[in-house]
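Read the structure below first, then the notes.
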Amino acid sequence: MLVTGGLVAGVVNTLAGGGSLLSVPLLVLTGLPGGVANGTNRIGILLQNGVAAWRFRAQGVWDVRSAGLELAAVAVGAVAGAFAITLLSDRFFERAFAVVMVVLLVPTLRRPPEPGVRPERPSRWLRAIAFAAIGLYGGAFQAGVGILLVFALAWAGYDLIRANGLKVAINFCFTLFAVPVFILGGKVAWPQALALAGGFAAGGELGARLAVRGGERLIRPVLALAVLALAGRMLGLY
């Protein structure tokens, strides 16, 4: 179940984002507390984004050097968010995450729009603040951060193809900073992490290949149903 779920989540994450809306609840269904499921999920996220970034680079899309400011801001925010979320109780995390899933469902179902032509990029300070906030959220919850990154990178002046390639590279880098926090906090269940990571890695490879074909249209309706069903379970509705 975790390998298959990781594969689907890896494809969704690479095409746009939001795969953790599926993978974290699956980890909870295997019996892991919410906080441990959150940390365990990061191992798969790290591998998936590493594989996808490599594939995008092979296709000539990956250009992380042009996004140094955004990368640094996201990394700082991610470490702060990871520390903050490890201090919360498992039950609080499960309820908060369920609310986050429902809130993010609408942007998850929307394809990121093609950015319009901007006369100039936003100021460095404004970009730094925006990406630090995204990092703070991503370090804490992860789910949907890829979608936020695509929108933010488009707002910062990148076209959609480069935004998607930069998204996985930035996600890989800031997850690399956040993972040790969860490991040191005892929030990673390694058997489940390795099973999920195998699926995530395959999903990252496949998703990068499908990124320019609009393949997310086939996955999003299924994801929407899964999110609503699993959010209801985590909120204790049934």
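Pop out the carbon and sulfur fraction of the accessible area of the stretch 1-84 as a percent, whole number, probe 1.4 Å.
Carbon plus sulfur share of accessible area: 69 percent.
I want to check the label-to-label distance for Val102 and Leu87. Put each point 7 Å from Cα in the C-beta direction and report it in nm to one decimal.
About 2.7 nm, to one decimal.
Keeping all protein chains in position, work out how much accessible area Ile161 exposes to a 1.4 Å probe, and write it in Å² to the nearest 10.
Surface open to solvent at Ile161 totals about 90 Å².
Kindly sort Arg162, Arg209 by accessible area of their heavy atoms, largest first, with the probe set to 1.4 Å.
In descending accessible area the options line up as Arg209, Arg162.
Once you order the gyration tensor axes a ≥ b ≥ c over the Cα atoms, which shape class does the stretch 14-54 get: rounded for a/c under 1.5, otherwise prolate or oblate by comparing a/b with b/c?
Prolate is the answer for the stretch 14-54, as a/c is 1.5 or above and a/b outweighs b/c.
List, in order, the whole-Hz ³J(HN,Hα) value for each residue of the stretch 21-33 obtained from phi through the Karplus relation with A = 6.51, B = -1.76, C = 1.60 and θ = phi - 60°; use x for Gly and Pro.
5, 9, 6, 5, x, 4, 5, 5, 5, 7, x, 7, x
The values are calculated or read from the model by the stated rules, or taken from the named source; none is laboratory data. The model shown is predicted, which means the values in this text are computed figures rather than measured ones. A quick note on method: Cβ atoms are made from the backbone with ideal geometry, for glycine too, and the neighbour counts reach across all protein chains shown. Remember, those area values only see protein heavy atoms, side chains included, never the ligands or the DNA or RNA. Shrake-Rupley method; radii C 1.70, N 1.55, O 1.52, S 1.80 Å.
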